[in-house]
1. If each of residue 126 and residue 57 carries a label point 7 Å out from its Cα toward its Cβ, how far apart are those two points in nm?
2. Using the Kirkwood radius over Cα pairs, work out the Stokes-Einstein diffusion coefficient for segment 12-93 at 37 °C and 0.692 mPa s, in µm²/s as a whole number.
Amino acid sequence: MNFEDLKDQLREQFQELWAKIQENELFIQLKERYDGLTPEVQKIINFTSIAIVVYFIYSIPASFSSSSSTYEENFIENRQLTRDLIRAGRLTRDLKMPPPAPDFPQMQSNIERILTENLVLEEQKSSLTQKNDVAGTDLVSKSFNQTGARVVVKKLNLKQLVKIAEDVSKMPSSELINMAVQADTKDPHYFNVDYEVAAFSVPFSDVAGGDSDANEKSDKKKPKRGGKRK
C-alpha cells in the first residue's frame with residue numbers, strides 16, 4: 001500500500017466519521033442552537049474554538065519539550081555522579097596501604113645509625129628506651145599500631161641537635177613528637193636533648209577484615225539446614 005492509497009483510506013474513514021457525527025442528535029441540537037445565534041456570537045464561538053484547538057496543539061509538544069529537558073538534566077547529573085563513582089572506585093583499587101610501623105628494635109637500630117652518622121660519641125649517649133605511652137594523648141586511636149622510643153643525648157652542639165631531629169623525623173613511618181632541650185650546666189654552648197619518637201600505622205586486618213567480620217556475623221545468624229529429623 002502506497003502513500004496515496006493510505007491517504008484515500010484515511011479520507012474515507014474521516015468522511016464516514018463526520019457523517020455519523022452529523023447524524024447524532026446532540027450534534028443536530030447544537031447546530032440548531034448555533035444557527036439561531038447572532039453573527040457576532042457565532043464569531044466569538046469560532047474564535048474561541050480555534051484558540052482552544054491551537055492551545056492544545058501547542059501545549060502537547062511544549063509539555064514533551066519540558067519533560068525532555070528535565071530528563072536531560074537528570075541524565076547529565078547522574079552521568080557526572082556515575083563518572084565520579086567510577087573514578088573513586090579506581091582510586092580505591094589503586095590505593096596502596098602505608099608501610100607498617102617499625103617495631104622497637106628497628107627504631108633502635110635506625111636511631112643508633114643516625115647518632116653514629118652525626119658523630120655522637122658513646123659517652124654522650126645517656127639512654128635509648130622504648131616508650132609505651134606513645135604521644136601521651138587520646139587523639140590517637142588505640143586500634144592503630146603504635147611504637148615509641150625515647151633517646152637522651154648529652155653535650156650536643158647546635159648543628160648536631162638540629163640534624164638529629166631532622167633525621168629522626170625522616171625515619172620510615174615515624175615522627176618526632178617531642179623534644180626537650182636543656183643547656184649543659186658545665187658548658188652552656190652544648191645541650192642535653194631528650195628526643196621522643198613515635199611511629200603509627202593502620203593495621204591492614206582492620207581495613208581488609210571489616211567485610212569478612214561482617215560476613216562471619218551474618219553467617220552465624222543464618223539457620224543451619226539439613227539437620228537430622230527426630
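1. Once both label points are built, they end up 10.0 nm from each other.
2. Taking Rh from Cα pairs, D becomes 181 µm²/s.
Readers should treat all values here as calculations from the given coordinates under stated rules, not as data from a laboratory. Just so we're clear, the structure is a prediction, and the values are computed from it rather than from any experiment. As a convention, Cβ positions derive from the backbone with ideal geometry for all residues, glycine included, and neighbour counts pool all protein chains shown.
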